[in-house]
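K.L.:
Structure in structure tokens, see below.
The values are calculated or read from the model by the stated rules, or taken from the named source; none is laboratory data. Since we're looking at a predicted model, the values are computed, not measured. Methodologically, a virtual Cβ is constructed for each residue, glycine included, from the backbone with ideal geometry; neighbour enumeration extends over all protein chains shown. Calculation scope for accessible area: heavy atoms of the full protein, side chains included, ligands and nucleic acids excluded. Shrake-Rupley method; radii C 1.70, N 1.55, O 1.52, S 1.80 Å.
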Amino acid sequence: MEERTFNKTDEDLLDGLRGLLASERRLSLTLIQNSANLPSPSTYRNRFGSLRRAYELIGYGHPDQFGPLEMRRRTQALREELIAKIVSTLPNEIFIVRRGGRWRSRLRLSSGLIVSVLVARSVRTWKETLRWLIDPVRRESKCITLLARLDSSNRSFLDLHIFPYIDRQTRFLISLRDAWLNRGMRLSELSRLCEVVVRVRRARKSEPRKSHQRT
């Protein structure tokens, strides 16, 4: 009975994670599921609120320590939080569009314009140089796009940019002040999103802008 999960203290559960980390050098949902010595991932979620919180409690929280699946989920969660914040900031002007299935949630302005939301996480490249990875969504590439770059820890947003569309089909990296950003306009306040979207849409029919614009 003492080995039953409900008789284990929080520290017992965390010690189990520490042991797995020591043997595998990393943690992941799959590793926990396949471990004979640990309870199910849902046990950690119920006890600590989330796997991420359990990781943080044992000092395993740097973005580089998370596997691809965990990183993807964290990025998706931040994206949904941003979308919700935009709608709460402009409740009568912007709405969330969810088509279900494999379609991602998008924004719809009261005018009917659809805005794609793309989150770019930071990555360390050669000699610890920081870059941002942009992964275009093909079915949304022609939409007006809000690009949100994460900070160096991938825990919060660094900046926001509005683009008339994404001009590439495959993944690519950009630098902090990359010339590619000049295609769009910097969004400094969420409350001005509709205004900047309209400006970008008008600019789409004109010649490419030569200088970066900040709103």
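K.L.:
Counting only residues that are free of Cβ contacts under 8 Å to residues at least 12 places away in the same chain and among the polar types (S, T, N, Q), which one in region 43-62 is least open to solvent (accessible area, probe 1.4 Å)?
P.N.:
My answer is 50.
K.L.:
Taking the residues in region 181-195 that are in a strand (DSSP E or B) and not charged (D, E, K, R) as candidates, determine which candidate is farthest from residue 86 (Cα to Cα). Steps first, please.
P.N.:
To start, the set of residues in region 181-195 that are in a strand (DSSP E or B) comprises 185-187.
Now restrict to residues that are not charged (D, E, K, R): 185, 187.
On the way: 185: 17, 187: 12 Å.
Across region 181-195, the extreme among qualifying residues is 185.
K.L.:
Six or more apart or on different chains, Cβ under 9 Å: which pairs go from a residue in region 26-42 that's more than 12 Å from residue 55 (Cα to Cα) and without any contact (Cβ under 8 Å) to a residue 12 or more places away in the chain to one that's among the acidic types (Asp, Glu) and in a helix (DSSP H, G or I)? Could you list them?
P.N.:
Within 9 Å, the pairs are 31/24.
K.L.:
Name the residues in region 179-194 that are in contact (Cβ under 8 Å) with a residue 12 or more places away in the chain and loosely packed, with under 14 Cβ neighbours inside 10 Å, would you? If you could, list the steps in order and put the result at the bottom.
P.N.:
Here is the first cut: in region 179-194, the ones in contact (Cβ under 8 Å) with a residue 12 or more places away in the chain are 181-194.
Residues satisfying the conditions are 188, 189, 191.
K.L.:
Next up: Residues 72, 104, 79: which one is crowded, with 16+ Cβ neighbours inside 10 Å, under 18 Å from the mean Cα position of the chain (by Cα) and either of a type in the set (Asp, Glu) or assigned to a helix (DSSP H, G or I) (or both)?
P.N.:
Details: 72 fails: crowded, with 16+ Cβ neighbours inside 10 Å; 104 fails: either of a type in the set (Asp, Glu) or assigned to a helix (DSSP H, G or I) (or both).
When all the criteria are applied, what remains is 79.
K.L.:
Might you let me know whether region 199-212 holds any residue that is surrounded by fewer than 12 Cβ atoms within 10 Å (Cβ to Cβ) and under 13 Å from the mean Cα position of the chain (by Cα)?
P.N.:
no
K.L.:
Follow-up. For region 153-173, name all the residues that are aliphatic (A, V, I, L, M) and within 22 Å of residue 83 (Cβ to Cβ).
P.N.:
Step one: of region 153-173, the residues aliphatic (A, V, I, L, M) are 158, 160, 162, 166, 173.
Correct list: 158, 160, 162, 166.
K.L.:
Give the residues of region 160-180 that are among the aliphatic types (A, V, I, L, M), part of a loop (DSSP other than H, G, I, E, B) and out of contact with any strand residue (DSSP E or B) (no Cβ under 6 Å at 6 or more places or on another chain), sorted by residue number.
P.N.:
Going through region 160-180, the residues among the aliphatic types (A, V, I, L, M) turn out to be 160, 162, 166, 173-174, 176, 179.
If we keep only those that are part of a loop (DSSP other than H, G, I, E, B) too, we end up with 166, 176.
Of everything in region 160-180, just one residue is among the aliphatic types (A, V, I, L, M), part of a loop (DSSP other than H, G, I, E, B) and out of contact with any strand residue (DSSP E or B) (no Cβ under 6 Å at 6 or more places or on another chain), namely 176.
K.L.:
To continue, here is another question. Quick check, is residue 17 in a loop (DSSP other than H, G, I, E, B), over 27 Å from residue 119 (Cβ atoms) and modelled with pLDDT of 85 or more? Can you show your working first?
P.N.:
Working: in a loop (DSSP other than H, G, I, E, B): no; over 27 Å from residue 119 (Cβ atoms): yes; modelled with pLDDT of 85 or more: yes.
No.
K.L.:
Here is a further query. Only residues that are basic (Lys, Arg) and either more than 14 Å from residue 139 (Cα to Cα) or open to solvent by less than 30 Å² (accessible area, probe 1.4 Å) (or both): list them for region 162-178, please.
P.N.:
Start the filter on region 162-178 by keeping residues that are basic (Lys, Arg), which leaves 168, 171, 177.
Hits for region 162-178 are 171, 177.
K.L.:
A further question on this structure: Any residue at all in region 123-140 that is open to solvent by 40 Å² or more (accessible area, probe 1.4 Å), in contact with a helix residue (DSSP H, G or I) (Cβ under 8 Å, 6 or more places away or on another chain), in contact (Cβ under 8 Å) with a residue 40 or more places away in the chain and assigned to a strand (DSSP E or B)?
P.N.:
Yes; the residues of region 123-140 include at least one that is open to solvent by 40 Å² or more (accessible area, probe 1.4 Å), in contact with a helix residue (DSSP H, G or I) (Cβ under 8 Å, 6 or more places away or on another chain), in contact (Cβ under 8 Å) with a residue 40 or more places away in the chain and assigned to a strand (DSSP E or B).
K.L.:
Specify the residue that is surrounded by the most Cβ atoms within 10 Å (Cβ to Cβ); the eligible residues are those in region 6-25 that are under 15 Å from residue 56 (Cβ atoms) and touching a helix residue (DSSP H, G or I) at 6+ places or on another chain (Cβ under 7 Å).
P.N.:
Residue satisfying both the conditions and the ranking: 17.
K.L.:
Still on this structure: Here are the criteria: (1) surrounded by 15 or more Cβ atoms within 10 Å (Cβ to Cβ); (2) in contact (Cβ under 8 Å) with a residue 40 or more places away in the chain. Tell me which single one residue 117 does not satisfy.
P.N.:
(2)
K.L.:
I've got another one for you. Output yes when any residue across region 126-139 is at pLDDT 90 or above, touching a Ser or Thr at 6+ places or on another chain (Cβ under 6 Å) and under 22 Å from residue 87 (Cα atoms), and no when none is.
P.N.:
no
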